[in-house]
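A quick write-up on the structure given underneath.
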C-alpha cells in the first residue's frame, strides 16, 4: 500500500484529471501553479507555459456524456518537496454514435509542495496509438 503522501498525490492527480474531463476550470486552476509548463499533443511539440493555453480548451466544456478516467500502474517518486507521478491514463467514453471506446495517454505529472500545499507545476502527455 502506498504511503500517505503518495496516496495524497494520487488523489490530487485523479482530482486534476476529473477536473479536465468535466471542464471544471475552478478546480484545475486551484490545483495548478500559474507558471505550469507542459508538453502535450495539442502543443505540437512545443513547451507551453502558463494557464492560457489550457483555458482555451476548458472554455469548450468537458467530455460530454458518460466517461471514466482510470490511472493504470501509477508510480509516485518523492524527492523532498517535489514529486513525480507517472501512469497510463485510460479514458473510457462514447463516440458520436454512442459506441464505447478507450483512449490512452502516457502521462508524467510533476507536483511541488509550497507552503504546505501540493501544486501541479509541469506535465508531459503523449497519446497512445489506438488499440494499444
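With equal scatterers on the alpha carbons only and no solvent term, can you work out the Debye log10 of I(q)/I(0) for segment 57-132 at 0.12, 0.18, 0.26 1/Å? Treating every Cα as an identical point scatterer, log10 I(q)/I(0) equals -0.45, -0.86, -1.19. Of 6, 72, 126, the sequence from fewest to most neighbouring Cβ atoms within 10 angstrom is 72, 126, 6.
Highest mean first, the peptides 10-17, 92-99 sorted by other C-beta atoms within 10 Å per residue fall in the order 10-17, 92-99.
Computed as a quarter of the hull surface, the mean projected area of the alpha carbon convex hull for segment 4-127 stands at 7.8 nm². With the helix formula -39500 (n - 2.57) applied to DSSP H stretches of n ≥ 4, the chain reaches a computed 222 nm mean residue ellipticity of -7500 deg cm²/dmol. For the chain, what's the relative contact order in percent, using C-alpha pairs closer than 8 Å and at least 6 residues apart? Once divided by the residue count of the chain, the mean separation gives 23 percent.
Every read-out reported here was derived from the displayed coordinates using simple, explicitly stated rules and does not represent laboratory data. Bear in mind that the values here come from a model prediction, so they are computed numbers and not experimental data. Quick reminder, even Gly has a Cβ in these numbers, built from the backbone with ideal geometry, and neighbours come from all protein chains shown.
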